């Protein structure tokens, strides 16, 4: 921190010579003088150089120019960067001193045969830098995201960013299953029932009829090995290349889950790095105030959008700085505790009752009597619970009166998560514990098809209920709030409810990809429609939160919940099905096998006998997939790395807090010294006046 002491006229006169001697330009240790050239105007000079006078610049002009010209371009530019001049001044000096020798210096540094590569590299860097604004606009829904962020804040934006992330994950999942499983089976279709040659609207809704014998579900895929012709490159002879559908089915599902796990872990670690930063200060607030405006923006709509975005960001950051818990008396705290306990009892009781209702409904349902729309009863009841119970949770949250919007969102997320986990857990227990293992499977010819159809119906009915709630529920609630409650403000977008709906749908997709390989295609279409539908409903029925808050950790929370319990729970169910449950003997690629995992072992044995050179691959397969210990060791290593990284970050935060405290103490010391100097200066002024 620089200290300026006010000088008095009495003190200035005897210090004139010393001041001139201090500011007289002298050579540095490199022999270079730092004043400007004569051609640089006084207005362009820094304030501390204007006081030097033109005579000083004129005396040292030639020496400065000669010293800079005598150096190479790289050395001269390094010296010029170290000078305390503005960027405009440095550019003028560079054009005057270095333009005659720039090309020669470059030619000396680079051989002739390297010059084209240098020019190509420079052109590539310039073209890439100029193309960055254009490439950013190629992101999916880029302009819509900017508008939503500027108008509704980062909390609402986190929902749409999460939706886009799910869309990319499902696109990758759909691409893998189509390339290695669906397309090979579609090229060599198995024989079908000729009576099922068309699909009706009810069959499209329930997944029965023609759809049950299509590429959509597990039962359509055969257990044969497809022989394909391949031409030899050296000899004009064709030989047959086998493509085993059961092995392709097993490996495709395994690779899909493995790649998805890597993507989620990477996204989660990257999101943790962004949200839980080591250095947390108010630096971002000052940056947004002084440095956030983009001067390249010239159009009025873009200017208005940027103003809204900066205003919303400043409100969010200021709300974090000014947010403080209200001080309450002992009786108020006791009453608040009672309200919280009653709210949690109500929420947990409603979740328990809904899970019991779904369990008894699935238990007492006679599968053989299901026809047409009766198949939708379970899906409709589950979707009805998912639609109605979040309203009860919001009512309990309204009674609790959380002071922070972020706290209210986190509590709502946890309650909705408990609801989704309970319902999906009951259904998985019914499918895998009752139908697939016990005597209920005797009623079904292909229990895998039934589970796939149930998940298909759940995903489809959930989408229909979401559409009805978006267009009717949110609109009716807005009218009720305006007409009955006499509120001029529109309702706030329910982030927790909508995000948990996305996680619920994605969990159904991961559970169903084993029994319905084309289920990611249904999820992709659902997410596309959901984005535009939610965006329209947001503009029509909702508005920004009355208490702006910055969702710095919301995306991290969503990705974490997507990884656990959503993905890991679905992966556990799929692994249990593949390793422990016997497949149906009348349908699917794994018929007549004791488990789906056995197809991988049979493929490894065939490859070991026919291709000796691939013996290392077989050993790797047996080590990685067939050995459960390998699955636990990377998990333990991953958890240890996270623990040590957290400890390192915690230690860095402690050091930073100590350094910040030290800086605060130094600032106080300097303020005290400045005050003492000013007081001493005033005393000197008084003494000189009295004399």
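Please list 185-192, 662-669 highest first by mean number of surrounding beta-carbon atoms within 10 Å per residue.
Top to bottom by mean Cβ count within 10 Å: 185-192, 662-669.
Quick check on packing: order 328-339, 502-513, 147-158, 248-259 by the mean number of other C-beta atoms within 10 Å, highest mean leading.
The densest-packed peptide leads the list: 502-513, 147-158, 248-259, 328-339.
Just subtract the alpha-carbon distance of residue 688 and residue 543 from 0.36 nm times their residue separation and send over the number in nm, one decimal.
Gain on stretching residue 688 to residue 543: 45.5 nm.
If r is the Cβ-Cβ distance from residue 532 to residue 487 and R0 is 25 Å, what FRET efficiency results, to the nearest 0.05?
Efficiency, from the Cβ-Cβ distance: 0.35.
Once label points are set 7 Å from the Cα along Cα→Cβ at both residue 142 and residue 403, what is their separation, rounded to one decimal in nm?
Calculated label separation equals 4.3 nm.
How do the peptides 374-385, 471-482, 529-540 rank, highest first, by the average count of neighbouring beta carbon atoms within 10 Å per residue?
Packing order, densest peptide first, comes out as 374-385, 529-540, 471-482.
For residue 261 and residue 579 in the same chain, what is the full-extension length gain: residue separation times 0.36 nm, less their Cα-Cα distance, in nm?
Answer, rounded to one decimal: 112.6 nm.
Residue 476 to residue 192: FRET efficiency via 1/(1 + (r/R0)^6), r the Cβ-Cβ distance, R0 45 Å, to the nearest 0.05?
Calculated value: 0.45.
Please give the FRET efficiency for residue 200 paired with residue 601, using the beta carbon to beta carbon distance and R0 = 51 Å, rounded to the nearest 0.05.
After rounding, the FRET efficiency stands at 0.75.
For residue 307 and residue 633, calculate 0.36 nm times their separation in residues minus their Cα-Cα distance, and state this gained length in nm to one decimal.
That pair, residue 307 and residue 633, stretches by 112.2 nm at full extension.
Taken together, the values in this text are just the output of simple stated rules run on the coordinates, not laboratory data. Just so we're clear, the structure is a prediction, and the values are computed from it rather than from any experiment. Reconstructed Cβ throughout: ideal geometry from the backbone, glycine too, with neighbour counts over all protein chains shown.
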